[in-house]
Amino acid sequence: MEEKTAVIKMRNITKSFGSVLANDKVWLDIYKGEILALLGENGSGKTTLMNMLSGIYYPDAGQIFMGENEVSIRSPKDAYDLGIGMIHQHFKLVDVLTAAENIILGMSGKGLLDMSAVNEKIRSICSLYGFDVDPEQKIYDMSVSQKQTVEIIKVLYRGADILILDEPTAVLTPQETDKLFAILRNMRDDGKAVIIITHKLHEVEELSDRVAILQRGRFVGDTLTKDTNAAEMTNMMVGHPVVLNIERPEPENVKERLRVENLTIRDIDGVKKLDDVSFSVGSGEILGIAGISGCGQKELLEAIAGLQPAESGSIFYIDTKTGEKEPLIGKKPREISAMGVALSFVPEDRLGMGLVANMDLTDNMMLRSFRRGKSVFADRKSPRELARRVVTELSVNTPSVDTPVRKLSGGNVQKILVGREISSAPTVLMTAYAVRGLDINSSYTIYDLINQQKQKGVAVIFVGEDLDVLVELCDRILILCGGKVSGIVDGRKTDKREIGRMMTSLGGESSEQQA
């Protein structure tokens with residue numbers, strides 16, 4: 001086998017944020033013609049390390065070499081000039097511009113306004129690697145996978161030979177993921193160096209050639225993917241053996257707890273987000289909700305929680321002892337919450353919704369519980385105990401419960417948010433994107449907590465992006481397509497490809513239909 005060339009050598013790379021050591025003397029080699037998966041728990045320093053390679057951060061200490069020459073990367077422009085491009089999880093595109101206009105936006109030099117030449121170059125890149133993008137299509141008319149494609153073409157257009165992708169499949173269907181993987185393999189075969197940051201170990205096994213693992217900011221080793229497996233990779237990330245199987249206890253004494261009938265919702269622009277949606281969920285079961293990003297999942301959960309007005313339809317909370325139905329539409333969010341309906345929505349902007357960045361962990365717990373106290377002075381003791389329990393049970397990496405949440409990594413912020421909602425002893429728990437961006441160990445901890453709620457008789461609605469997890473965790477799965485119910489399937493009798501097809505086409509076959 002031909003020996004590959006190390007195009008990048010990172011040596012003793014160190015980076016701190018205040019008292020938090022994000023990267024500690026990291027050594028990493030990156031090779032041409034290889035797909036490298038960079039793995040580690042949340043807060044292990046993966047994204048920080050790649051942000052230094054792409055010019056967003058600058059190391060406190062250490063050296064970066066290209067070939068034998070030391071380089072200084074102080075800005076994304078420096079990285080581009082060296083042929084390094086990073087595709088971030090949250091796209092940086094201007095919706096009202098075309099794909100081609102976004103691709104050349106911010107570039108200097110002559111001839112950029114010859115759009116026919118720009119379009120021709122974009123088409124040649126698409127032809128070379130297998131992209132399917134119309135350079136003249138507006139961004140606002142594109143699917144999530146098309147937008148991601150534009151981001152990848154943008155860095156290739158600027159001459160990148162080293163591409164870094166952060167959680168590239170987070171919001172893609174299995175079919176879109178297959179297309180992306182084919183493109184990344186074509187890029188590897190063309191001599192590009194491709195680095196993916198991901199938490200999906202089955203994708204690591206399927207796509208990557210080599211795996212490099214960080215643990216608490218330190219490089220702990222790398223290995224050829226063919227020589228390892230998911231259990232070994234997880235053990236290296238966590239530092240101890242982890243059981244990688246999601247429990248799915250059989251539902252017991254399931255009684256209808258929540259019913260949604262003919263629900264239709266429009267957004268503030270009059271666009272229909274949900275169209276005649278009907279389903280029910282029982283106590284002691286987990287109902288998964290699958291759908292392409294923006295298919296109405298957020299609006300559905302917010303309508304149940306009283307945060308989103310409905311154009312038509314009904315939502316009923318059902319007393320499992322008496323069978324009495326109580327309408328939720330028209331009630332205030334506080335009244336619905338008092339009935340035991342808890343919404344744990346993990347948004348893209350975790351600190352914009354749900355938590356206050358400048359407040360510490362204890363005060364953020366009080367946001368959920370302060371109304372329970374009868375005293376005019378807020379009781380800090382219970383929230384402090386809850387904060388300590390969440391920190392311990394979910395292994396939150398924080399100096400103390402007095403640390404402002406803005407100083408925590410995104411994954412640790414997320415654990416605080418999810419832990420707080422689960423701890424509120426709900427009768428209906430709605431959780432959306434509960435493990436978005438979390439490492440595998442933290443994810444399995446949260447799956448376990450959700451199953452504990454199910455076994456306590458809680459009705460759980462679980463909106464997720466990872467179809468493998470939905471199929472393993474959920475008892476039933478409702479699929480949304482374009483705001484309509486495409487079908488409801490039995491989690492034990494379906495697979496992710498059937499769900500993927502139903503996410504992209506209405507009227508898919510379902511193993512169960514429920515009004």
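Bear in mind that the values in this text are calculations on the coordinates, not laboratory data. As the structure is a prediction and not an experimental result, all values here were calculated from the model. Cβ atoms come from the backbone with ideal geometry, glycine included; neighbour counts cover every protein chain shown.
With both residues required to sit in the chain, DSSP beta bridges show an antiparallel share near 55%.
For region 45-98, go through all pairs of different Cα atoms, get the mean of 1/r, take its inverse, and jot down that Kirkwood value in Å. Please report the intermediate quantities before stating the final value.
Numbers: mean 1/r = 0.0809 Å⁻¹.
Over region 45-98, the inverse of the mean reciprocal pair distance is 12.4 Å.
Residue by residue, region 224-236 carries 3J(HN,Hα) couplings of 5, 4, 5, 9, 9, 8, 4, 5, 5, 4, 5, 4, 5 Hz when phi is fed to the Karplus relation 6.51 cos²θ - 1.76 cosθ + 1.60 (θ = phi - 60°); x denotes Gly or Pro.
Tell me the net charge near V458. Cut-off is 10 Å between Cβ atoms, V458 excluded, with +1 for each Lys or Arg and -1 for each Asp or Glu. Before the final figure, lay out the partial values.
Details: positive: R257, K454, K456; negative: E285.
Here the count lands on +2.
Highest-first packing order for the peptide set 425-431, 459-465 is 459-465, 425-431, based on the mean count of other beta carbon atoms within 10 Å.
Counting only helical runs of four or more DSSP H residues, what would the 222 nm mean residue ellipticity of the chain come to if each run contributes -39,500 (n - 2.57) and the total is spread over all its residues? Write down the numbers at each step before the final one.
On the way: 16 runs with 162 residues, N = 515.
Using -39500 (n - 2.57) per qualifying helix, the result is -9500 deg cm²/dmol.
Less than 5 angstrom separates the built amide H of L97 from those of I139, all sequence-distant by 5 or more or on a different chain. Net charge of the neighbourhood of L105, taken over other residues with C-beta under 10 Å away and scored Lys/Arg +1, Asp/Glu -1, is +1.
For P174, what is the net charge nearby, where nearby means another residue's Cβ is under 14 Å from its Cβ and Lys, Arg count +1, Asp, Glu -1? Summing Lys and Arg as +1 and Asp and Glu as -1 gives -4. 3J(HN,Hα) couplings calculated from phi for region 73-82 with the Karplus curve 6.51 cos²θ - 1.76 cosθ + 1.60 (θ = phi - 60°) are, in sequence order, 10, 9, 7, x, 5, 4, 5, 4, 4, 8 Hz; Gly and Pro show x.
The mean sequence distance of close C-alpha pairs (under 8 Å, at least 6 residues apart), as a share of the length of region 1-125, puts its relative contact order at 20 percent.
Descending by average beta-carbon neighbour count within 10 Å, the peptides 490-499, 193-202, 25-34, 120-129 line up as 193-202, 25-34, 490-499, 120-129, the highest first.
Normalised by residue count, the chain yields a Cα convex hull volume of 162 Å³ per residue.
When you restrict to C-alpha pairs under 8 Å that are six or more residues apart and normalise by the size of region 6-238, the relative contact order lands at 29 percent.
Scalar couplings 3J(HN,Hα) for region 185-199, obtained by applying the Karplus form with A = 6.51, B = -1.76, C = 1.60 to θ = phi - 60°, are 5, 4, 5, 4, 5, 8, x, 6, 9, 10, 10, 10, 9, 8, 10 Hz; x denotes Gly and Pro. Checking every one of the trypsin sites (Lys or Arg not before Pro) in region 73-115 against DSSP loop status and a limit of 13 other Cβ atoms within 10 Å picks out R74, K92, K110.
Which entries in K154/K273; K298/K321; K298/K496; K321/K454 show an alpha-carbon gap greater than 26 Å?
Where the Cα-Cα span goes over 26 Å, the pairs concerned are K154/K273; K298/K321.
Would you mind telling me the antiparallel percentage of the DSSP bridges in region 6-238, rounded to 5? Numbers along the way, then the final one.
Details: 23 of 42 bridges.
Within region 6-238, antiparallel bridges account for around 55 percent of the total.
Over all pairs of different C-alpha atoms, region 6-238 has a mean inverse distance whose reciprocal, the Kirkwood radius, equals 18.3 Å.
Bridging of K407 to aspartates and glutamates at a Cα separation below 14 Å is possible for D360, once same-chain residues fewer than 8 apart are set aside.
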